[in-house]
Amino acid sequence: MSRIGKMPVNVPAGVTVTVADGNVVTVKGALGTLTREFAKELTIDVQAAQVVVTRPDDTNKMKALHGLTRTLINNMVIGVSTGYQKTLEINGVGYRAAKAGKVLTLNLGYSHPVEMTDPEGIETVCDGQNKIIVKGISKEKVGQYAAEIRGKRGPEPYKGKGIKYDYEVIRRKVGKTGK
């Protein structure tokens, strides 16, 4: 039995989970609504304040889907109740971020500013000029958009300039030595 898959998902007060035909799970909470379709072979049961996922057999595919489905449902429940956020830091002389409406403008040492529009359901907040906070209810979308922002100028190992996650540690390299 999958150690993750067999654990029930606890549903907090104020969150409702419904399962429609074809294993379409809808989770509604204070922050919004998330809907996702899961494999039809699995059985998803909503019991009193808990969601239980069971698999039909012990094939490798079912074992993998069992734990994945339970984790995705848990992420949906957490997302609509508390939400997700990722923090990015900008390091470098002249590197900064500004927010105007739904457009995030990044000055990253290029000849032009990089402008990014917030996708649906995602909000970015600039905390000062060198900190960006990406917020949303979908863990997948928050992580993807944060990775796209970081991808505009990833951190380099010599001076540490670029965009990095707040928890990320950049391994520094020694530069050239003069004779």
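Provide 161, 40, 6, 63 ordered by accessible surface of protein heavy atoms (probe 1.4 Å), highest first. Mind showing how you got there, number by number?
Details: 161 70, 40 135, 6 110, 63 90 Å².
Per-residue accessible area, sorted high to low, gives 40, 6, 63, 161.
If I take every Cα pair under 8 Å that is 6 or more residues apart in the chain, average their sequence separation and divide by the length, what percent do I get for the relative contact order? Before the final figure, lay out each step's value.
Numbers: 336 pairs, mean separation 31.7, N = 179.
Here the relative contact order equals 18 percent.
What is the gain in length, in nm to one decimal, between residue 174 and residue 26 on full extension, counting 0.36 nm per residue of separation less the C-alpha to C-alpha distance? Present the calculation step by step, with values, prior to reporting the outcome.
Working: separation 148, 0.36 × 148 = 53.28 nm, distance 5.17 nm.
Extending this stretch completely gives an extra 48.1 nm.
Per residue, how much accessible area does the chain have with a 1.4 Å probe, in Å²? Intermediate results must be reported in sequence, preceding the final value.
On the way: 10770 Å² over 179 residues.
Value returned for the chain: 60 Å² of accessible area per residue.
Could you give each residue of the range 66-80 its phi-based ³J(HN,Hα) in whole Hz, using Karplus coefficients 6.51, -1.76, 1.60 with θ = phi - 60°, and x for Gly or Pro?
My calculation for the range 66-80 gives 4, x, 4, 4, 4, 5, 5, 5, 4, 5, 5, 5, 5, x, 7 Hz in order.
Using a 1.4 angstrom probe on the protein heavy atoms only, could you order 52, 80 from most to least accessible area? Present the calculation step by step, with values, prior to reporting the outcome.
Values: 52 35, 80 0 Å².
Heavy-atom accessible area, descending, gives 52, 80.
Quote to one decimal, in nm, the extra length available between residue 152 and residue 125 on full extension: 0.36 nm per residue of separation minus the C-alpha distance between them.
Separation in residues times 0.36 nm, less the Cα-Cα distance, equals 8.0 nm.
Could you order 33, 26 by accessible surface area, starting with the largest, using a probe radius of 1.4 Å?
My answer, sorted largest first, is 33, 26.
Can you pull the three principal axis extents for the Cα set of the chain, in Å, largest first?
68, 42, 24
Helix 139-151 sits at what angle to the longest principal axis of the chain, using alpha carbons and giving 0 to 90 degrees rounded to 10?
20
Would you work out the relative contact order for the range 119-179, in percent, from Cα pairs under 8 angstrom that are 6 or more residues apart?
Result for the range 119-179 is 19 percent.
Using a 1.4 Å probe on the protein heavy atoms only, what accessible surface does residue 127 show? Give it in Å² to the nearest 10.
Result for residue 127: roughly 80 Å² accessible.
Using a Gaussian network model of the chain with C-alpha springs under 10 Å, which one of 121, 101, 32 is most mobile by mean-square fluctuation?
101
What ³J(HN,Hα) values, in whole Hz, does the Karplus curve 6.51 cos²θ - 1.76 cosθ + 1.60 give for the range 34-48 when θ = phi - 60°, with x put for Gly and Pro?
Working through the residues one at a time gives 10, 10, 8, 9, 10, 4, 6, 6, 7, 10, 10, 10, 9, 10, 4 Hz.
Using modelled backbone amide H atoms (1.01 Å from N, in-plane), which distant-in-sequence or interchain residues come within less than 5 Å of residue 153's amide H?
Excluding prolines and chain starts, which carry no amide H, the hits are 163.
Taking springs between alpha-carbon atoms closer than 10 angstrom, which of 15, 93, 125 fluctuates most in the Gaussian network model of the chain?
93
Where in the range 109-178 are there chymotrypsin sites (Phe, Trp or Tyr not before Pro) that are in a DSSP coil and have at most 16 other Cβ atoms within 10 angstrom of their Cβ?
Passing sites in the range 109-178 are 110, 158, 167.
Would you work out if the range 84-129 is rounded, prolate or oblate? Take a ≥ b ≥ c from the square roots of the eigenvalues of the alpha-carbon gyration tensor; rounded if a/c is under 1.5, else prolate when a/b is larger than b/c, oblate otherwise.
oblate
The values are calculated or read from the model by the stated rules, or taken from the named source; none is laboratory data. This is a predicted model, so every value here is computed, not measured. We place every Cβ from the backbone using ideal geometry, glycine too, and count neighbours over all the protein chains shown. We work out accessible area using only protein heavy atoms, side chains counted, and drop any ligands, DNA or RNA first. Shrake-Rupley method; radii C 1.70, N 1.55, O 1.52, S 1.80 Å.
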